[in-house]
1. Look at residue 157 and say whether it is assigned to a loop (DSSP other than H, G, I, E, B), of a type outside the set (Lys, Arg) and free of Cβ contacts under 8 Å to residues at least 40 places away in the same chain.
2. Kindly establish whether residue 177 is away from ligand 2 (no atom under 16 Å from the Cβ), loosely packed, with under 15 Cβ neighbours inside 10 Å, under 22 Å from residue 20 (Cα atoms) and over 14 Å from the mean Cα position of the chain (by Cα).
3. If you take the residues in the stretch 108-132 that are surrounded by fewer than 13 Cβ atoms within 10 Å (Cβ to Cβ) and at pLDDT 95 or above, which one is nearest to residue 168 (Cα to Cα)?
4. In the stretch 77-91, which residues are outside any helix (DSSP H, G or I) and open to solvent by 10 Å² or more (accessible area, probe 1.4 Å)?
5. So residue 72 ticks every box in (1) more than 21 Å from residue 113 (Cβ to Cβ); (2) surrounded by 15 or more Cβ atoms within 10 Å (Cβ to Cβ); (3) not acidic (Asp, Glu) but one. Which box is left unticked?
6. Please specify each residue of the stretch 13-35 satisfying the condition of being open to solvent by 10 Å² or more (accessible area, probe 1.4 Å), more than 18 Å from residue 75 (Cα to Cα) and more than 9 Å from ligand 2 (Cβ to nearest atom).
7. Can you tell me which residue among 24, 61 is modelled with pLDDT of 95 or more and farther than 21 Å from residue 153 by Cβ?
Amino acid sequence: GHGGSDGDDYLFKIVLIGDSAVGKSNLLSRYSRNEFHLNSRATIGVEFQTQSMVIEGKEVKAQIWDTAGQERFRAVTSAYYRGAVGAMIVYDISQKQTFENVERWLEELRVYSDFSLVTMLVGNKSDLESLRQVSIEEATDLAEREGLFFIETSALDSTNVAAAFETVIKEIFGMVS
Ligand code: GDP
Ligand code: MG
């Protein structure tokens, strides 16, 4: 047999949000396929990627949703958020405006989600240290104020990418198991 654990499996929907060009699609491609694209404009947005991990002997699947670029027009719809139990709000540490817009993404999350999600604030492009416009301190302050987890990542050099996703998945698991 296969252990008969099918009934114990978990499936969590996690949404990636944040301004256009902050690196959402590359974070997902780095995590799910270990790929990075210098110019990802042309990539066709897949709806979601499913990644599995085992936590405490249980198979946990994360269905991670990426936008197909509609955030450019602030047109992410309620369907995108429906059923999500986790969210990653991504900004670019080298573009202050993308950090300033985090509050707007938080409001949108609150409008569209029925219950409080496990939410991670993600400062991406940590490899661009010389161009940094958002300090770790101000991001930590925002995260504390809003009750978010916080991490800095680089989809380019892989720093903390798996840690970001796995922290969200483990926190959700801890809440529901
Ligand atoms: P999205 O619009 O949020 O999905 O952003 P993309 O993943 O399409 O990335 C936008 C641009 O930023 C692309 O040119 C990527 O190559 C670049 N990019 C994404 N992540 C990083 C990163 O961690 N570091 C650097 N330096 N560039 C990145
Ligand atoms: Mg994208």
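The values are calculated or read from the model by the stated rules, or taken from the named source; none is laboratory data. For clarity, every value in this text was computed on a predicted model and none was experimentally measured. Here the Cβ is made from the backbone with ideal geometry for all residues, glycine too, and neighbour counts use every protein chain on show. With ligands, DNA and RNA removed, areas are computed over all heavy atoms of the protein, side chains included. Shrake-Rupley method; radii C 1.70, N 1.55, O 1.52, S 1.80 Å.
1. So residue 157 passes the test.
2. Against the criterion (away from ligand 2 (no atom under 16 Å from the Cβ), loosely packed, with under 15 Cβ neighbours inside 10 Å, under 22 Å from residue 20 (Cα atoms) and over 14 Å from the mean Cα position of the chain (by Cα)), residue 177 does not qualify.
3. So, considering only residues that are surrounded by fewer than 13 Cβ atoms within 10 Å (Cβ to Cβ) and at pLDDT 95 or above, the one nearest to residue 168 (Cα to Cα) is 129.
4. 77, 82, 83, 85
5. All conditions are met except number (2).
6. Once the filter is applied, which keeps residues that are open to solvent by 10 Å² or more (accessible area, probe 1.4 Å), more than 18 Å from residue 75 (Cα to Cα) and more than 9 Å from ligand 2 (Cβ to nearest atom), the stretch 13-35 yields 13, 30, 31, 32, 33, 34, 35.
7. Just one listed residue meets the conditions, 61.
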